[in-house]
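A short worksheet on the structure shown next.
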Amino acid sequence: MLTVKGLSKTYDAKGRRVEAIGDVSFDVADGEFVCVVGPSGCGKTTLLRCIAGLLPPTSGEIVVEGRKVDGPPDGLAVVFQEYGRSLFPWLRVRDNVDLPLRAAGMGKAKRRELVTEALDAVGLADAHAAYPWQLSGGMQQRVAIARAIAYQPRVLLMDEPFAAVDAQTRADLEDLIRSVWQRLGVTLLFVTHDIDESVYLGQRVVMLSSSPTTVAEDLAIDLPAARDQLATRSDPRFTELRGQVYAQIQKAKQERT
Amino acid sequence: MIKRILLAVTMPVVLLAVWWFASAGSTDFYFPPLRRILETFPETWFGPRMVDDVLPSLARLAIGYAAALCVGIALGMLIGANRTLRAVVEPLLEFLRAVPPPVLVPILMLMAGIGDLMKVLVIVSGCLWPILLNTVEGVRAVDEVLTDTCRSYRIRGRLRVWHLMVRSASPQIVAGARQALSIGIILMVISEMFAASSGIGFTVIQFKDGFRIPQMWSGVLLLGLLGVLLALLFRLVERRVLGWYHGIRAVQKER
């Protein structure tokens, strides 16, 4: 479904070569929920932008649905961390969700149906006529999620989407994403720096090393599919897995210094 | 609201009162009493001159301003979105902007004659630069996350130009358009002071040459009033076009 093979990315920053991604390879199966976690500055966002086809890799390749990525792939949606900058401030909430569908040349009736459904799914049915900047941060990110849902992607990439919202909103949004994923059956790649979040959300956690980035460990999360903020987080297995990821990230940090 | 209006009109009222009383007993031929200027105002401008002079002036301003907006925004989009093109034309643009438009009047007269076309071209030649340069800046400053969003969601062509580029740049475009409007009014008058047969500027010069001083002054008043009216109209349009922008600023102030 989604394959990253020998990916590397080097930047030329004022004559100094910066190796952001060393050599990263992993697969994501059809309909799988995979979290990518790594120490800060390890090139998580670079990796995601490469997969999204927004940034050409220096070497290696990315294959999405059997096709090599050389631009934004078909059927792939991205939810960015900076929700405030990724929504169109001059468009109302429903028009923000609608714009990619208009660009796809979809009929009006079908579009209205998808927009209403998507806003319902994220709990924003009442806010459709508001402008994004009239909403709280968490609600703005819900709009961005609704836009991704309405787009009906087969692959959904999320780049630290909850890094800028408060803890309670964050828990709500985590559960929202779990339910969206279960309902739509999309392949979901979720990039985060939050270890708890990665264990709580995913079926698998891909841990990255410090830059030049490689895959440090690929850990299956064998928690039950029904997750609950209280029950799951107090599950001894959760604590154990979290400890493993934590130890790995610490190791990655120390290797750098 | 009422308080704001009161505050806004206080100063003009005071100045008019000062003018009124200071000039009341004036016997100076060149500085007639304000009362006489106001008396001549309706008969001077609300008669046939409205159709023969005022409306043609405003029509030329409207056409020139609209043309400058279209050309300025379109060219600004192209130049702003293309780094190479920008590097090539930017020094030229700075030069052209620095040329005072009135000196173009004789040149444009040679090229386009002394008719309406010349006057419209003079207005375009002055209004274009602030709009063009501001549009270029606005397009350059388009948010990269928004650009990525458009690429990811395959928002292309017309929708991309409108929703990513034009709307993003609209605060800068509006700022340029505001500057251009005041330049346009000035050029409207100046273009009519050279070889013209109609227009407000032409009429004011006629009054001066005919020593009809109160009428001349009433022309100055008329131009001032038109300027204020156009500025108000501009504010109304701006409120519609940039509602989102002012909304964001208000929200940011609260936080």
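The values are calculated or read from the model by the stated rules, or taken from the named source; none is laboratory data. Please read all numbers here as calculations on a predicted model, not as lab measurements. Glycine also receives a Cβ, built like all others from the backbone with ideal geometry; neighbour counts cover every protein chain displayed. The area values use the complete protein model at the heavy-atom level, side chains included, leaving out ligands, DNA and RNA. Shrake-Rupley method; radii C 1.70, N 1.55, O 1.52, S 1.80 Å.
For the stretch A:64-87, a tally of residues being part of a strand (DSSP E or B) and at the interface with chain B (Cβ under 9 Å from one of its Cβ atoms) returns 3.
Conditions (1) within 20 Å of the chain's Cα centre (by Cα); (2) open to solvent by less than 40 Å² (accessible area, probe 1.4 Å); (3) not β-branched (Val, Ile, Thr), marked per residue:
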| position | (1), (2), (3) |
| --- | --- |
| A:Met207 | yes, yes, yes |
| A:Val215 | yes, no, no |
| A:Leu219 | yes, yes, yes |
| A:Pro236 | no, no, yes |
| A:Thr239 | no, no, no |
| A:Gln244 | no, no, yes |
| A:Gln250 | no, no, yes |
| A:Gln254 | no, no, yes |
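Is one or more of the residues making up the stretch B:38-46 surrounded by 14 or more Cβ atoms within 10 Å (Cβ to Cβ), more than 27 Å from the chain's Cα centre (by Cα) and not aromatic (Phe, Trp, Tyr)? Working first, answer last.
The initial filter retains those residues of the stretch B:38-46 that are surrounded by 14 or more Cβ atoms within 10 Å (Cβ to Cβ), namely B:38-41, B:44-45.
Within this subset, residues satisfying the condition of being more than 27 Å from the chain's Cα centre (by Cα) are B:39-40.
So of that shortlist, the ones also not aromatic (Phe, Trp, Tyr) come out as B:39-40.
Checked against the condition, which is being surrounded by 14 or more Cβ atoms within 10 Å (Cβ to Cβ), more than 27 Å from the chain's Cα centre (by Cα) and not aromatic (Phe, Trp, Tyr), the stretch B:38-46 yields at least one hit.
Only one residue in B:Thr40, B:Thr27 is touching a Ser or Thr at 6+ places or on another chain (Cβ under 9 Å) and among the β-branched types (Val, Ile, Thr). Which one? Residue meeting the stated conditions: B:Thr40. Close Cβ contacts (under 6 Å, 6 or more residues apart or on different chains) running from residues in the stretch B:140-164 that are within 7 Å of another protein chain (Cβ to nearest Cβ) to residues that are of a type in the set (Asp, Glu) comprise B:Val145/A:Glu82.
For the stretch A:137-144, the criterion of being open to solvent by 40 Å² or more (accessible area, probe 1.4 Å) and under 26 Å from A:Gly66 (Cβ atoms) is satisfied by no residue at all.
It is to be established whether one or more residues within the stretch B:149-156 are in a helix (DSSP H, G or I) and within 26 Å of the chain's Cα centre (by Cα).
Checked the stretch B:149-156: no residue is in a helix (DSSP H, G or I) and within 26 Å of the chain's Cα centre (by Cα).
Filter the stretch B:207-253 down to residues that are among the aromatic types (Phe, Trp, Tyr) and within 14 Å of chain A (Cβ to nearest Cβ) and give me whichever is most open to solvent (accessible area, probe 1.4 Å). Before the answer, list the steps.
Of the residues in the stretch B:207-253, the ones among the aromatic types (Phe, Trp, Tyr) are B:207, B:211, B:217, B:234, B:244-245.
Keeping just the survivors that are within 14 Å of chain A (Cβ to nearest Cβ) gives B:244-245.
Values: B:Trp244: 21, B:Tyr245: 69 Å².
Among those that are among the aromatic types (Phe, Trp, Tyr) and within 14 Å of chain A (Cβ to nearest Cβ), it is B:Tyr245.
Check whether at least one residue in the stretch B:129-148 is open to solvent by 30 Å² or more (accessible area, probe 1.4 Å), out of contact with any strand residue (DSSP E or B) (no Cβ under 6 Å at 6 or more places or on another chain), within 18 Å of B:Ser182 (Cα to Cα) and at pLDDT 90 or above, and report yes or no. Among the residues of the stretch B:129-148, at least one is open to solvent by 30 Å² or more (accessible area, probe 1.4 Å), out of contact with any strand residue (DSSP E or B) (no Cβ under 6 Å at 6 or more places or on another chain), within 18 Å of B:Ser182 (Cα to Cα) and at pLDDT 90 or above, which makes the answer yes.
Take B:Met165 and decide whether it is closer than 26 Å to B:Gly243 by Cβ and open to solvent by less than 40 Å² (accessible area, probe 1.4 Å). Explain how you work it out, then say what you get.
Values: closer than 26 Å to B:Gly243 by Cβ: yes; open to solvent by less than 40 Å² (accessible area, probe 1.4 Å): yes.
Yes, satisfied.
Kindly indicate whether any position in the stretch B:98-108 is within 14 Å of another protein chain (Cβ to nearest Cβ), open to solvent by 60 Å² or more (accessible area, probe 1.4 Å), not in a loop (DSSP other than H, G, I, E, B) and not polar (S, T, N, Q). No, the stretch B:98-108 contains no residue that is within 14 Å of another protein chain (Cβ to nearest Cβ), open to solvent by 60 Å² or more (accessible area, probe 1.4 Å), not in a loop (DSSP other than H, G, I, E, B) and not polar (S, T, N, Q).
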